[in-house]
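The values are calculated or read from the model by the stated rules, or taken from the named source; none is laboratory data. Not measured: the values here are computed from a predicted model. Virtual Cβ from ideal backbone geometry, glycine too; neighbours counted across all protein chains shown.
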2 protein chains.
Amino acid sequence: MSNPAPAPVPMTEIWRGPIAESMHLGHAVICGPGGQIVEAWGDPNVQVYPRSSSKMLQALPLIESGAADAANLGPEQLALACASHNGAAIHTDRVAKWLAGLGLSEPDFRCGSHMPEDKDAAYALIRAHEEPCQLHNNCSGKHAGFLTVAQHLGAGPEYVEVDHPVQRACLAAFEEVTGEASPGYGIDGCSAPNFLTSLHGMARAMAFFAEAREGGSLRDSAAARLRDAMIAHPDLVAGEGRACTLLMRACKEPVALKTGAEAFFIAIIPGRGLGIALKVTDGGTRGAECAIAALLVRLGVLDAAHPSTQMFMNKVVRNWRGIDTGMIKPAPGLLA
Amino acid sequence: MSNPAPAPVPMTEIWRGPIAESMHLGHAVICGPGGQIVEAWGDPNVQVYPRSSSKMLQALPLIESGAADAANLGPEQLALACASHNGAAIHTDRVAKWLAGLGLSEPDFRCGSHMPEDKDAAYALIRAHEEPCQLHNNCSGKHAGFLTVAQHLGAGPEYVEVDHPVQRACLAAFEEVTGEASPGYGIDGCSAPNFLTSLHGMARAMAFFAEAREGGSLRDSAAARLRDAMIAHPDLVAGEGRACTLLMRACKEPVALKTGAEAFFIAIIPGRGLGIALKVTDGGTRGAECAIAALLVRLGVLDAAHPSTQMFMNKVVRNWRGIDTGMIKPAPGLLA
């Protein structure tokens, strides 16, 4: 009889009055150079979908195929390829221009449409009685990247199908960088396959991105370019008010951060060769945002007193009249 | 050394592709006549804020004080007093008329404002460049009830303060019906105190509401009138598309259902004298909606094949292109 897998551990507490009203459990792994585990909470072997936290892995073929350079993509486009953006004008204008540069247009996307999270953009659509289009999809930068690769390879238009050359290249890169054969996949919100790995595999991949240096192997250079593009453009990776953007700006040293649906979060810390991957088991985003901030504070790359840190790590919950009703804070085990 | 409290149990699984990507844990209690436990999952003694699931308890003084009859309130107003409504016109028009009947107006509320959940109402405000007012607050019916009591008692305007006669009456009713002294309170989103009880205490209270009959004691009559008002007006208790409204309509016998923030849910089943209270520990509403539907199916009061049941108990998750990507379904332990 094998030992049971470690249970998820308390990560984030939601306080109201004298008690923690709600609690988020999760798993987290910090990997160092070579992908060895530096520290872990819960079960490093838990199988996870990294969701949008794996966009920098899905963008490796964009550079490695030569497509990015052939299309003259710069750091802004590379950051957007790794982004879950707010659908603000700074995002949609750039994606639209990129798409036009390929001689393509919005119907060539296969990501679907949803209302942008950016309030100004959403209200403008509502006031104009217009529906959102696929440019507003938070994944439209990733899909522009997919289309760039597909065109470069001369492949067909259904680029989100799992046996399409674009997705086959994504899976190969994903398995090589996580260091594991992926046992399967799910379909993501944007219709692309999202591949399974262990949480350790994902943290190992993030440590690889942390160690990558331009001028090394083709893969090293590609990973370093994507990471540095994210770090250079925190506003393009997410948007105003979002955890990725605010915490990247707040860090005391260069750090790339990326959230994923269902409460996934990663960090890439190149100055220390460290990668972090965490998953809150219930899918509650507020829990993952608090936990990643706490781990960055624990490592000393984020100042606990920074206002942006406080917005996520010790968030004061205010009600509809502005009265403090409680606090979102990390479980003691993440800080000790 | 005392035994540790029972851990929360799996309640709701979020499937995507070959795995359950996320999981909600929780506690649930079903109480029968007299408040004895019929069945329980997790820890019946866990301390909880029932949040908006306790609105029918907070409305008892409205009837018992004589205020409701003095103001000629009917079942529609009583249902609104127990509601977390969508802020649609059917809700805000009735609350505005009720308030005007008291000779009061919107600034007399102490609930604060937020954008209505009803899409038509929200879009109309955005297109008119107007801000929401306190009538749109999902708790405005409860607050109209509080103001009705305050006026009837000749009490002051700050009716959400914990030592105000209205809140003292709410606490007395809460403790008597849960059968427990409340150990403390938190401030709710709408600024009213929300009192702590055990999950068993809340299920006991719901069983009392299930057993209550008009023509009995003052409290019995008050509880029966509130319960029957909720059952008569599922559209006023929540709104179109919402779990409370759709599942109340779908039940094969009269049932009152009420959600609360942070994934609380209750059910009152008068035909069987049963009350249910459940709390998903992470606060994820989708988990509580699925779990309450599963328990209602387990008891035979809701048909598993009803389309409204399927929307919450076996919800097919579709992505932005309408592709099925997974399912929200109850953990096996809730159905077995």
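A few comments on the model shown:
- For the range A:324-331, the count of residues that are within 11 Å of another protein chain (Cβ to nearest Cβ), under 24 Å from A:Thr245 (Cβ atoms) and surrounded by fewer than 20 Cβ atoms within 10 Å (Cβ to Cβ) is zero.
- Taking the range A:45-137 and the helices (runs of 4 or more DSSP H) fully enclosed by it, the elements with 2 or more residues that are surrounded by 21 or more Cβ atoms within 10 Å (Cβ to Cβ) and in contact with a Leu (Cβ under 6 Å, 6 or more places away or on another chain) are at A:75-81, A:89-101.
- Selection of the range B:38-69 for residues being out of contact with any helix residue (DSSP H, G or I) (no Cβ under 6 Å at 6 or more places or on another chain) and aliphatic (A, V, I, L, M) yields B:Val38, B:Ala40.
- With respect to the conditions (1) acidic (Asp, Glu); (2) within 13 Å of chain A (Cβ to nearest Cβ); (3) free of Cβ contacts under 8 Å to residues at least 12 places away in the same chain, B:Asp163 falls short on a single one, namely (2).
- Inclusion of B:Ala7 among residues that are surrounded by fewer than 23 Cβ atoms within 10 Å (Cβ to Cβ) and in a loop (DSSP other than H, G, I, E, B) is warranted.
- Yes/no for B:Ile187 being within 23 Å of B:Val95 (Cβ to Cβ), touching a strand residue (DSSP E or B) at 6+ places or on another chain (Cβ under 7 Å) and more than 14 Å from chain A (Cβ to nearest Cβ): no
- Test result for B:Ala28, in contact with a Leu (Cβ under 8 Å, 6 or more places away or on another chain), of a type in the set (A, V, I, L, M) and without any contact (Cβ under 8 Å) to a residue 40 or more places away in the chain: no
- Matching residues in the range A:1-24 - criterion: being within 18 Å of B:Val48 (Cβ to Cβ) and aliphatic (A, V, I, L, M): A:Ile14, A:Ile19, A:Ala20, A:Met23
- Within the range B:108-145, the set of residues being acidic (Asp, Glu) and within 17 Å of the chain's Cα centre (by Cα) comprises B:Glu117 only.
- Apart from one condition, A:Ser217 fits all of (1) under 17 Å from A:Ile268 (Cα atoms); (2) away from every other protein chain (no Cβ under 13 Å); (3) not aromatic (Phe, Trp, Tyr); the exception is (1).
- Test for A:Gly34: is it surrounded by fewer than 24 Cβ atoms within 10 Å (Cβ to Cβ) and modelled with pLDDT under 95: yes
- Single condition A:Gly156 does not satisfy, out of (1) touching a His at 6+ places or on another chain (Cβ under 9 Å); (2) part of a loop (DSSP other than H, G, I, E, B); (3) within 14 Å of chain B (Cβ to nearest Cβ): (3)
- Scanning the range B:12-48 for residues being within 14 Å of chain A (Cβ to nearest Cβ), of a type outside the set (A, V, I, L, M) and within 18 Å of A:Asp282 (Cβ to Cβ) gives a total of 11.
- Some residue of the range B:254-263 being touching a residue at least 60 places away in the same chain (Cβ under 8 Å) and over 23 Å from B:Ala28 (Cβ atoms): no
- Single condition B:Leu302 does not satisfy, out of (1) touching a Ser or Thr at 6+ places or on another chain (Cβ under 9 Å); (2) away from chain A (no Cβ under 14 Å); (3) in contact (Cβ under 8 Å) with a residue 60 or more places away in the chain: (3)
- Residue among B:Ala212, B:Ala222, B:Ala169 that alone is aliphatic (A, V, I, L, M), closer than 24 Å to B:Arg94 by Cα and either within 16 Å of the chain's Cα centre (by Cα) or away from chain A (no Cβ under 13 Å) (or both): B:Ala222
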